[in-house]
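The values are calculated or read from the model by the stated rules, or taken from the named source; none is laboratory data. Predicted model, so just to flag it, every value in this text is computed and none were measured. Neighbour counts are summed over all protein chains in view; Cβ atoms, including those assigned to glycine, are modelled from backbone coordinates with ideal geometry. Quick note on the areas: whole protein, heavy atoms, side chains included, nothing else; ligands and nucleic acids left out. Shrake-Rupley method; radii C 1.70, N 1.55, O 1.52, S 1.80 Å.
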Amino acid sequence: MTIFATSMPVLSIVHPRMEALVFALVAILLCGCDAAKECTNIPTQSHTFRYELLMSTNATWKAEVMDHYHLTPTDETAWADLLPRKLLSEQNQHDWGVMYRKIKNMGVFKSGEGFLKEVPLQDVRLHKDSIHGRAQQTNLEYLLMLDVDSLIWSFRKTAALSTPGTPYGGWEGPEVELRGHFVGHYLSASALMWASTQNDTLKQKMSSLVAGLSACQEKIGTGYLSAFPSEFFDRFEAVQPVWAPYYTIHKILAGLLDQHTFAGNPQALKMVTWMVDYFYNRVQNVITKYTVNRHYQSMNEETGGMNDVLYRLYSITGDSKHLVLAHLFDKPCFLGLLAVQANDIADLHANTHIPIVVGSQMRYEITGDPLYKQIGTFFMDLVNSSHSYATGGTSVREFWSDPKRIADNLRTTENEESCTTYNMLKVSRHLFRWTKEVSYADYYERALTNGVLSIQRGTDPGVMIYMLPLGFAVSKARTGHSWGTQFDSFWCCYGTGIESFSKLGDSIYFEEEGKDPTLYIIQYISSSFNWKSGKILLNQTVVPASSSDPYLRVTFTFSPVENTLSTLNFRLPSWTLLDGAKGILNGQTLSLPNPGNYLSITRQWSASDKLTLQLPLTVRTEAIKDDRPEYASVQAILYGPYLLAGHTTGGDWNLKAGANNADWITPIPASYNSQLVSFFRDFEGSTFVLANSNQSVSMQKLPEFGTDLALQATFRIVLEESSSKFSKLADANDRSVMLEPFDLPGMNVIHQGAGKPLLTVDSSQGGPSAVFLLVPGLDGRNETVSLESQSNKGCYVYSGMSPSAGVKLSCKSDSDATFNQAASFVALQGLSQYNPISFVAKGANRNFLLQPLLSFRDEHYTVYFNIQD
């Protein structure tokens with residue numbers, strides 16, 4: 001695609017020695033005298049493809065791919081020719097010309113004012129026992145695992161220094177061209193985590209890392225710092241094959257800048273400015289030797305958020321060359337596309353371009369140029385309306401597909417790239433700070449809850465995913481990458497992942513400057529905040545959401561340092577209802593506005609003040625972003641901000657909705673967890689469990705927690721007398737019970753008569769054959785139980801002592817010890833447990849157990865269902 005838009009109000013602040021370069025640059029950019037630019041990757045490739053290509057030994061395949069790298073001559077030099085791929089109408093062409101004249105005549109703008117302020121991350125503390133606190137702790141444990149010598153091994157080799165330790169593998173391997181990118185992410189993540197936790201061990205580790213990198217930079221002596229040689233940039237500037245060197249440089253620059261900003265390391269800032277001097281000279285040489293268009297053509301390779309970090313640096317240094325270089329990393333062909341509001345991002349590599357938008361948002365904040373505010377706003381609307389999943393994430397196989405064709409994306413497991421969610425959160429955060437609009441805070445909540453918290457594997461440190469699968473009967477453990485490993489993955493999404501889990505407290509609270517201190521509370525996350533300008537220590541406690549109590553319950557308490565009048569604004573999410581919502585301050589019920597607004601309270605807060613919010617959580621369906629009639633019934637199910645997924649290993653994804661939600665989706669009571677049981681048996685040194693699979697029952701080797709088999713080896717004991725009390729497993733002894741498979745609500749285990757295998761069928765078909773008497777184990781051990789058929793007395797659930805013998809109903813004829821052992825099981829708490837948010841949804845052919853997507857580990861699930869009225 002060939003398109004261009006820019007405005008560069010920099011002349012009034014440029015140092016005289018740069019005037020010649022800047023005047024030439026502005027003349028080229030503003031007068032439209034440069035050649036048109038291809039706006040893509042050349043060739044268009046994902047990070048996954050790049051890694052496979054780099055590691056391949058197939059020389060013929062490599063040669064074929066690399067043959068696509070070349071400079072494309074073009075004679076399209078006029079602004080009027082720089083149009084989107086979809087040709088504009090005559091009127092739009094006229095508007096395009098008007099826009100050009102406006103941009104050409106723009107002067108110096110006043111930098112943005114009236115934005116909400118970020119609060120210092122070190123003043124926010126997450127509650128350790130909250131879901132966000134546990135995710136943060138898991139990430140901290142991983143950051144502390146990583147070794148400094150291994151992280152900077154390739155940096156030292158590049159600098160010709162000694163290389164103690166062993167280099168890490170994966171994308172940080174010494175032979176991988178992207179090496180060093182994760183180290184940059186680590187610099188950012190450790191700075192953010194230290195601000196969030198003040199962990200002394202981490203502070204020592206990250207300070208040692210900065211010092212080690214500084215030694216590498218000093219040894220090289222030019223300002224250059226990377227884990228790969230500078231010759232990579234020779235190839236980049238010549239538009240020859242190389243894997244995104246500026247992408248890695250951006251991570252290193254951003255990491256060092258974060259070390260300065262969040263950890264107060266002055267050495268890091270010196271390193272950044274020296275690096276930027278080096279790259280300023282390189283870019284200047286390319287433009288002087290060739291043209292600015294040559295620079296832009298090389299930028300069709302991924303450059304990360306170079307513009308973003310350079311605008312951030314300029315806000316600290318005020319050095320005009322940092323601003324000029326930032327402008328040069330704005331990608332005009334892409335930002336111009338957004339400037340004319342063209343829905344034309346299909347086939348572009350998503351995470352190449354989202355950081356460019358984030359950088360353009362920083363350009364607006366630094367320069368005040370309204371064009372870049374409009375760009376960010378349009379981009380967010382475009383992605384949300386046409387290219388996003390119910391998680392808030394975007395992309396398929398790392399790219400954007402055709403607009404409003406998301407159903408096609410579900411045919412692969414390579415759906416939401418974690419990096420894109422990390423960057424879309426940045427886009428929405430900027431927009432919220434500019435506008436205070438609740439919709440952007442709602443988006444942030446959705447994407448953080450479902451797109452970020454879902455990528456950790458429980459509390460396993462350093463185990464994360466690259467792509468979040470969102471199709472039918474998918475598993476996080478069975479994608480193109482599966483779960484990563486602690487020391488041999490280091491994908492791009494590992495880098496953004498460790499940053500995301502280090503800054504979970506950075507978007508809960510925002511300040512507004514003015515006569516009286518004003519605070520916006522936009523995320524309900526258990527935390528404390530030392531609000532220094534408001535002179536209050538604020539504590540927020542969120543009761544974990546559950547399906548049995550359909551309200552989000554949040555309590556705020558206050559510890560004022562001194563009596564000061566201040567205003568607190570509490571977000572009322574768009575997903576809640578006014579009916580049933582409550583705000584109670586010191587026992588007094590407050591009048592609430594409609595959802596999508598703020599509850600605003602101005603007062604002198606005291607230590608005795610207590611504010612409680614009760615916000616209804618409702619189940620709702622949301623159509624997939626696909627406007628074809630045949631996909632109108634494809635919908636996701638949400639509960640408040642939580643995206644629900646159904647446990648399933650088959651192809652059935654049909655639900656039958658009723659007139660009301662209560663007709664087809666019901667909450668699972670919290671008490672049901674006490675009714676879950678697994679039946680164990682030891683055999684030749686191994687432990688086996690009774691499990692349901694494919695509607696039959698068998699003995700399976702003890703599974704790992706969080707797997708399909710762990711679900712299938714868990715049953716709910718249902719007393720035949722439904723009115724009977726049941727709070728613990730012992731309450732079922734000597735009682736008539738039915739066994740409901742955990743992952744198949746509404747089904748029962750039945751027998752087919754003596755000598756025949758057990759099956760699982762719909763509970764309406766079970767009858768007497770589904771009822772068993774839970775009795776003490778026939779083998780005489782205190783810890784065992786046996787299951788006797790109520791309809792076939794003297795016949796028991798029986799499994800031969802060989803694992804392959806199967807499970808059947810067998811009748812006892814004598815006191816054979818072998819029979820007694822084969823009919824006895826150790827009954828313990830179920831291997832799986834219901835999440836506090838758990839529902840049963842009625843299907844056309846079976847029922848589904850729904851739980852939050854973020855709670856899944858290796859189990860198979862379905863996010864989008866075919867919901868028929």
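Assorted remarks:
- For region 240-253, 3J(HN,Hα) per residue [Karplus equation, 6.51 cos²θ - 1.76 cosθ + 1.60, θ = phi - 60°, Hz, x = Gly/Pro]: 10, x, 6, 8, 6, x, 5, 4, 5, 4, 4, 5, 5, 4
- Across region 302-448, the mean sequence separation of Cα contacts (distance under 8 Å, 6 or more residues apart), normalised by length, yields a relative contact order of 22 percent.
- Rounded to whole numbers, the Karplus 3J(HN,Hα) couplings from phi for region 698-713 are 8, 9, 10, 5, 3, x, 7, 4, x, 10, 4, 5, 5, 5, 5, 8 Hz, using 6.51 cos²θ - 1.76 cosθ + 1.60 with θ = phi - 60°, and x at Gly and Pro.
- Extension gain for the segment GLU721 to GLU52, taken as residue separation times 0.36 nm less the Cα-Cα distance, is 234.9 nm to one decimal.
- Mean-position separation - Cα centroids, region 367-382 and region 713-761, in angstrom: 59 Å
- Apportionment of accessible area to carbon and sulfur, the chain, percent (1.4 Å): 50 percent
- For region 227-282, the C-alpha radius of gyration sits at 1.25 times the compact-globule guess of 2.2 N^0.38 Å, with N the residue count.
- Summed residue charge, Cβ within 13 Å of SER763's Cβ, Lys/Arg positive, Asp/Glu negative: 0
- Calculated from backbone phi, Karplus (6.51, -1.76, 1.60) coupling profile of region 292-308 in Hz, x at Gly/Pro: 5, 5, 4, 4, 5, 5, 5, 6, 5, 6, 5, 10, x, x, 4, 4, 4
- Accessible area in square angstrom per residue, region 182-287, 1.4 angstrom probe: 29 Å²
- Filter on LYS205/LYS503; LYS117/LYS535; LYS793/LYS842; LYS582/LYS656; LYS117/LYS426; LYS117/LYS203 - keep pairs with C-alpha separation over 23 Å: LYS793/LYS842; LYS582/LYS656; LYS117/LYS203
- Over the Cα atoms of region 659-731, the radius of gyration divided by the Kirkwood radius equals 1.07; this is the Rg/Rh ratio.
- Over region 284-409, the alpha carbon radius of gyration divided by the compact-protein estimate 2.2 N^0.38 Å works out to 1.12.
- Region 184-205 versus region 274-321: alpha-carbon centroid distance in Å: 28 Å
- Shape annotation for region 112-193: C-alpha extents along the principal axes are 47, 39, 19 Å, from largest to smallest.
- The relative contact order of region 670-833 comes to 25 percent, based on Cα pairs under 8 Å that sit 6 or more residues apart.
- Neighbourhood charge, 13 Å Cβ-Cβ cut-off, centred on SER502 and excluding it, Lys, Arg +1 and Asp, Glu -1: -3
- Shape summary of region 670-833, radius of gyration then Dmax from alpha carbon positions: 14.3, 43 Å.
- Spin-label proximity, THR618 to region 381-416 - amide N less than 20 Å from point 7 Å beyond Cα toward beta carbon: 390-391
- Using a probe of 1.4 angstrom and keeping all protein chains present, the accessible surface of region 610-739 works out to 43 square angstrom per residue.
- Rounded Å value of the spacing that divides the Cα centres of region 430-487 and region 579-633: 24 Å
- In this simple spin-label approximation, SER764 and LYS793 carry label points 7 Å from Cα along the Cα→Cβ vector, and these lie 3.3 nm apart.
- Extent along the principal axes, Cα only, for region 99-502: 58, 55, 42 Å, with the longest axis given first.
- The protection proxy used here, the mean number of other Cβ atoms lying within 10 Å of each residue, ranks peptides 219-228, 593-602 as follows, highest first: 219-228, 593-602.
- Pairs of Cα atoms nearer than 8 Å and 6+ residues apart set the relative contact order; for region 465-619 it is 19 percent.
- Shape category assigned to region 373-503 from the gyration tensor of Cα positions, a/c cut at 1.5: oblate
- 11 Å beta-carbon shell around THR248, net charge (K/R +1, D/E -1): -1
- Radius of gyration and maximum dimension Dmax of the chain, Cα, Å: 30.2, 104
- Extending 7 Å from Cα along the Cβ direction at LEU702 and again at ASP663 yields two label points whose distance is 4.8 nm.
- Rounded FRET efficiency, nearest 0.05, which uses the C-beta distance separating ASP402 from ASN654 and R0 of 45 Å: 0.95
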